[in-house]
Amino acid sequence: MSISVAIESPITPEGRELIAGSEDALRAVYTEDECFTFTAEELLDDTIAFYVARKDDAPVGCVALVDYKTYGEIKRLYVPHTARGLGIAKILMAHLENEATAKGHTSVKLETGDKLAAAVSLYKTLGYSVCGKFGDYEDHPASLFMEKAL
């Protein structure tokens, strides 16, 4: 099995499909006011890299890295049900962390929620730990903030 990861545009049909899948997965467990996501258009920002994983040229996952100079923020990590169990999320996260390191970030941070147990478990397995809120986030009972030093 060969998985490739590359920067792609979030506004292609495949990018939009991945983002819609991510949004649907979040909305299945969280209300709109509990979700702090970026739209495909917001991911077009010059400070954001949108990565797509492909298997046999088919998109099988995505993740975005927001550049905040000293740290990077992870957004939109998503693997469709049809591609789960193949290690795609770990591949995407390793790629993102390598890119963050290359950009000179000293850490990567994320906002998630404890209702996303599989995601939280993945992040903990990859060395992320709970931290305080960061950036423009406000304290919200649904939010769980995590970080990893690079």
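Rule-based calculations on the coordinates, nothing more; no lab input. Computed from a prediction, not measured in an experiment: that's the story for all the values here. When we count neighbours, we look across all protein chains shown, and the Cβ atoms used for this are built from the backbone with ideal geometry, even at glycine.
Odds and ends about this structure:
- Dipole magnitude for the chain: computed about the Cα centre from +1 point charges on Lys and Arg Cβ and -1 point charges on Asp and Glu Cβ, it is near 700 debye.
- Tyr137-Ser2 FRET efficiency (beta carbon distance; Förster radius 35 Å; 0.05 resolution): 0.40
- Per-residue extension of 0.36 nm, minus the Cα-Cα distance of Val29 and Glu42, leaves a gain of 2.4 nm for this segment.
- Within straight-line reach of Lys69, meaning a Cα separation under 27 Å, sit the following lysines at least 8 residues removed in sequence or on another chain: Lys90, Lys103, Lys109, Lys124, Lys133, Lys148.
- Between Leu77 and Ala64, the built amide H atoms are under 5 Å apart, and every one of these is 5 or more places off in sequence or on another chain.
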